[in-house]
Structure formats: structure tokens, C-alpha cells
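Shown below is the structure under consideration.
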Amino acid sequence: MRGDPAGWARLMVRKLRFTINAHEAMDTESIEFHAVHSPVLRALAPFTFGVLLPFAVAGIVITAADARRLAVVYAVGLALLGSLVIFFVLARYRHPAAPVLALFAGAGLAGARDAWRHRPRRLVAAAAGAAAVAIAAN
């Protein structure tokens, strides 16, 4: 890091791209291999990280008013995804972050109607953030 800060920054950006990418970077077995033999995995195949992450980002923006109350959930999500970027990015290491992201995705979907009525600017910001992340992830 000290010897080549620009190289380290490029590596961190590359690892961030791997972390948010819809494609699973696998090391031994892929989820697609197991989906051939599992109806549940086949049914869930369209719901990749590239689908979950944009909805989670929208949920984070929509729930921003409750940031103090949700600080622990934000911290857990950041710790899980941040540790991936810093250390090692593989599919199986992203799985623990999925429930946290699903919480925010659900909160975003549940709060969208209220945001439409009372905070339309926040809903626009949520949609813009989700679109940007969807483009980056997919």
C-alpha cells in the first residue's frame, strides 16, 4: 500500500466491482451447477446480487430518516461488504450480506408508497441510486 498507493487504489476499485457484481466469482463450485439439480435454486436463479443490491440501495435511501435507529444494521452491512473488498471476494463470502441487503430491499419496497406521498424527492433519489447501482452491478 505504501509502495504503490495508486496500484492499491486500483485493486480496491476492482475488488469493489467484484463485490457488487451480479456474477458470482466462484472458487470451487458454482451455484449454477447446483441449480441443475435443485428446483429451489432454479426458481431463485433470477434473483441475483445484481437484483438485490439496487433494491437495497433504494431501501437505504428511503429509510434514511431512520438512520439513527438503523445504525447497527447499516454497520453490519458495511462491515460484511467492506471486509470482502479489503480481504477476499468470492461468492460464498457474499452470502452473509444477503439477509442484511434483503432487509433494506424490503424496507424500500414497503416504504415506497409512503415516500411517493410524503417525500417524492427521496423516492427520486432512491430510484436514481438504484439505477446507478443496477448499471454498475449488471
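The values are calculated or read from the model by the stated rules, or taken from the named source; none is laboratory data. Computed from a predicted model, the values in this text were never measured in an experiment. Using ideal geometry, Cβ is built from the backbone for each residue, glycine included, and neighbour counts are taken over all protein chains shown. The accessibility values were calculated without ligands, DNA or RNA, using every heavy atom of the protein model including side chains. Shrake-Rupley method; radii C 1.70, N 1.55, O 1.52, S 1.80 Å.
Can you give me the solvent accessible area of Tyr93 with a 1.4 Å probe, rounded to the nearest 10 Å²?
Solvent-accessible area, nearest 10 Å²: 100 Å².
May I ask which residue of Gly111, Ala6, Phe49 lies farthest towards the positive end of the charge dipole of the chain, with charges of +1 (Lys, Arg) and -1 (Asp, Glu) on Cβ and the Cα centre as origin?
Sorting the options by dipole projection puts first Gly111.
Would you tally the net charge around Trp8, using a Cβ to Cβ cut-off of less than 11 Å, leaving Trp8 out, and scoring K and R as +1, D and E as -1? Working shown, then result.
Numbers: positive: Arg2, Arg10, Arg14, Lys15; negative: Asp4.
Charge balance in the 11 Å sphere: +3.
When the gyration tensor of region 35-91 is built from Cα positions, what are the square roots of 5 times its three eigenvalues, in whole Å, from largest to smallest? Before the final figure, lay out each step's value.
Numbers: eigenvalues 146, 57, 16 Å².
In descending order the semi-axes read 27, 17, 9 Å.
Per residue and in Å³, how big is the convex hull formed by the alpha-carbon atoms of region 76-131? Working shown, then result.
On the way: hull volume 5.1 nm³, N = 56.
Dividing the Cα hull volume of region 76-131 by its residues yields 91 Å³.
Using alpha carbon centroids, what distance separates region 1-64 and region 108-137, in Å?
With region 1-64 and region 108-137 each reduced to a Cα centre, they are spaced 21 Å.
Now for a separate question. Per-residue counts of other Cβ atoms within 10 Å, averaged by peptide: what ranking do you get for 59-71, 5-17, highest first? Don't skip to the end; give the middle numbers.
Details: 59-71: 15.9, 5-17: 11.8.
Top to bottom by mean Cβ count within 10 Å: 59-71, 5-17.
Per residue, what accessible area does the chain have, given a 1.4 Å probe and all protein chains present, in Å²?
Numbers: 9220 Å² over 138 residues.
Per-residue accessible area for the chain comes out at 67 Å².
Pairwise over distinct Cα atoms, reciprocal of the mean inverse distance: report the Kirkwood radius of the chain in Å, one decimal place. Please list the in-between numbers first.
Working: mean 1/r = 0.0617 Å⁻¹.
This gives a value of 16.2 Å.
Hey, another quick one. About its Cα centre, how strong a charge dipole does the chain have in debye, to the nearest 20, once Lys and Arg get +1 and Asp and Glu get -1 at the Cβ?
Values: 15 positive and 7 negative charges, 115 e Å.
That gives a dipole near 560 debye.
Turning to a different aspect of this structure: Which percent of the accessible area of region 9-51 is formed by carbon and sulfur heavy atoms (probe 1.4 angstrom)? Walk me through the numbers before you get to the answer.
Working: 2210 of 3210 Å².
Looking at region 9-51 in its full context, I get 69 percent from C and S.
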